[in-house]
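These notes concern the structure reproduced below.
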Amino acid sequence: MTVRTGRDILGIPGPTTIPDEVLGAMHRPAIQIYTGELVDYTTYIQDGLRDIFRTKGRTYIYAANGHGAWEAAVTNVLSRGDRVLVLESGRFAHNWGEMARTLGVEIETLEGTWRDAVDPAAVEARLKADTGGRIKAVLVVQIDTASGVVNDIPAIRAAIDAAGHDALFMVDTIASLACMPFEMDEWRIDVSVAASQKGLMTPPGLGFVAAGERAIAAHRTADLRTSYWDWTAREGELHYQKYCGTPPEHLLFGQRKAMEMIFEEGLEGVWNRHRLLAGATHAAVEVWAEGGVFEFNVIAPESRSQSITAVLVGGGQDVAALQRYCLEKCNVTVGGGIGDLKGKALRIAHMGYANAPMLLGMLSSIDMALKALKVPHGAGATQAAVDYLGENVSA
Ligand SMILES: *Cc1c(COP(=O)(O)O)cnc(C)c1O
């Protein structure tokens, strides 16, 4: 017995649901890559990225996923033997740092838990202790998709300033761009990294990097540069040089359409929608938690992100069985824990192309699963989410 025939709901924190308009924009023959229409796509997306990152800096488009964008960021501004400070708050900054290590960069990690945001005071203390100025860059994620933590990027900026340190500030916004406020120039971020398949509502395969003036200056002497990622090579006159080869044109068709949708809604409107859907999710989790099995992974409410909520599942309950029920009975894919939270958590995404009925449908399906599998939980979680939205989305 199932109630699954109907639209599928993809509730994982990437890749996210792709709007039909984006899929439609991609459904067309290939075009030539040297002049004309495709050049306009490149210009539109590079400018659109500036508007979304909120920067006057340069933007680069790679045929790559987020890991590619990480490598692009590191290789363009660092040299072998440079030291970077990695701010841990889950899995992703750590993995970015590990990638840098394999490239020949020395890593120092400011260890964190998976349940708290990075502590800006600890960043300040660590940088103050670096009296020799060995640390060349600070690496952090805005939202860590594994833990559901959101880091306070302006507060970390202020900590770097308070330490009087001139390290480059490099921020991974892969799970936060077009999901919550991000102000690259105002927060004086030197390098920002993103990818197409999360808040940007496009299939995986495009990696984005934005570089400010200090990053461009560091780039001039960086010895990790390689021909594929190199910014200077990508500033070449010929269009295909911007991609170091054939542009991933169908992804560009899709990404432009997705950006048009974002600008039509308004970037602030997009951020606000995410804030509201996160609030509804948090309201539901609070009620479920009354049963003693579910618990927010992130302890401080202000450190819970706007794009993904990680929920610890205790009491010996089977996370996979909950996910299976949601998928097999309702056609809803709910994320599971990864890394340290593998088998121990659900990850509920409210990221990208998601509206209230999609989110409420997902929360209701989880509610159904809890009932069907007799997992102890507070009653009325879905109602709490509805009430939250009814109270916060004014007529
Ligand atoms: C998804 C994600 C990545 C990795 O992106 P891929 O496209 O899978 O390589 C990196 N950082 C964060 C914060 C992410 O959410």
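Throughout, read-outs are computed from the coordinates displayed, never taken from laboratory work. A quick note: this is a predicted structure, and the numbers were derived from the prediction, not measured.
Express the relative contact order of region 31-263 as a whole percentage, based on alpha carbon pairs under 8 Å and six or more residues apart in sequence. Display every interim value, and only then the final one.
Numbers: 477 pairs, mean separation 66.5, N = 233.
After rounding, I find 29 percent.
Is the shape of region 1-150 best called rounded, prolate or oblate, per the rule: a/c under 1.5 gives rounded, else a/b larger than b/c gives prolate, else oblate, with a ≥ b ≥ c the square roots of the Cα gyration tensor eigenvalues?
oblate
For region 71-197, rounded, prolate or oblate, judged on the Cα gyration tensor with a ≥ b ≥ c (square roots of eigenvalues), a/c < 1.5 rounded, else prolate if a/b > b/c?
On the way: a/c = 1.37, a/b = 1.17, b/c = 1.18.
Since a/c stays below 1.5, the shape of region 71-197 is classed as rounded.
Output ³J(HN,Hα) for region 133-149: one whole-Hz value per residue in order, computed from phi by the Karplus curve 6.51 cos²θ - 1.76 cosθ + 1.60 with θ = phi - 60°, and x for Gly and Pro.
Ordered by residue, 3J(HN,Hα) equals x, 6, 7, 8, 8, 10, 10, 8, 9, 6, 10, 8, 6, 7, 9, x, 7 Hz.
Report the Cα-based extents of region 160-243 along its three principal axes, largest first, to the nearest Å.
Answer, in whole Å and largest first: 43, 34, 19 Å.
Specify the inter-centroid distance of region 135-182 and region 354-395, based on alpha-carbon positions, in whole Å.
Cα centroid of region 135-182 versus Cα centroid of region 354-395: 31 Å apart.
For Cα pairs less than 8 Å apart in space and 6+ apart in sequence, what is the mean separation divided by the residue count of the chain, i.e. the relative contact order in percent? Mind dumping the intermediate values first?
Working: 851 pairs, mean separation 92.8, N = 395.
Once normalised by length, the contact order is 24 percent.
If I take the Cα coordinates of region 210-263 and project them onto the principal axes, what are the three extents in Å, biggest first?
38, 25, 19
If you line up the long axis of helix 37-53 against the longest principal axis of the chain, both from Cα atoms, how many degrees apart are they, to the nearest 10?
Roughly 70 degrees between the two axes.
Residue by residue through region 196-213, which ³J(HN,Hα) values in whole Hz follow from phi under the Karplus form 6.51 cos²θ - 1.76 cosθ + 1.60 (θ = phi - 60°), with glycine and proline marked x?
My calculation for region 196-213 gives 6, 9, 10, x, 8, 6, 10, x, x, x, 10, x, 10, 9, 10, 10, x, 4 Hz in order.
Would you mind classifying the chain by shape? Square roots of the alpha carbon gyration tensor eigenvalues, ordered a ≥ b ≥ c; an a/c under 1.5 is rounded, otherwise it is prolate if a/b is larger than b/c and oblate if not.
Details: a/c = 2.05, a/b = 1.32, b/c = 1.56.
Note, shape of the chain comes out oblate.
Can you return the aspartates and glutamates within cross-link range of LYS329? Criterion is Cα-Cα under 14 Å, with same-chain partners fewer than 8 residues away left out.
Those aspartates and glutamates meeting the cut-off are ASP8, ASP367.
Nearest 10 degrees, 0 to 90: what angle lies between the long axis of helix 66-77 and the longest principal axis of the chain (Cα atoms)?
The angle comes out at about 30 degrees.
With 10 Å bins from zero, work out the P(r) of region 259-375 over every alpha carbon pair and list the percent per bin.
13, 46, 31, 9, 1
Once you compute Rg and the Kirkwood Rh from C-alpha atoms, what is the Rg to Rh ratio for region 75-118? Mind dumping the intermediate values first?
On the way: Rg = 10.8 Å, Rh = 10.7 Å.
On the Cα set of region 75-118, Rg over Rh gives 1.01.
In sequence order, what are the phi-derived ³J(HN,Hα) couplings for region 105-120 according to the Karplus relation 6.51 cos²θ - 1.76 cosθ + 1.60 with θ = phi - 60°, rounded to whole Hz, with x for glycine and proline?
Residue by residue, region 105-120 yields 9, 7, 10, 10, 10, 8, 5, x, 9, 8, 10, 9, 6, 4, 8, x Hz.
Counting only DSSP beta bridges with both residues in the chain, tell me the antiparallel percent, nearest 5.
Working: 24 of 44 bridges.
Within the chain, antiparallel bridges account for around 55 percent of the total.
Where both partners of a DSSP beta bridge lie in region 31-263, what percent of those bridges are antiparallel, to the nearest 5?
Values: 13 of 30 bridges.
Restricted to region 31-263, the bridges split so that about 45 percent are antiparallel.
On alpha carbon coordinates alone, what is the Rg over Rh value for region 31-263, Rh being the Kirkwood radius?
On the way: Rg = 17.0 Å, Rh = 17.7 Å.
Rounded to two decimals, Rg/Rh equals 0.96.
Mind checking which aspartates and glutamates have their C-alpha under 16 Å from LYS128, skipping anything on the same chain fewer than 8 residues away?
Partners within reach: GLU108, ASP119, ASP161, ASP166.
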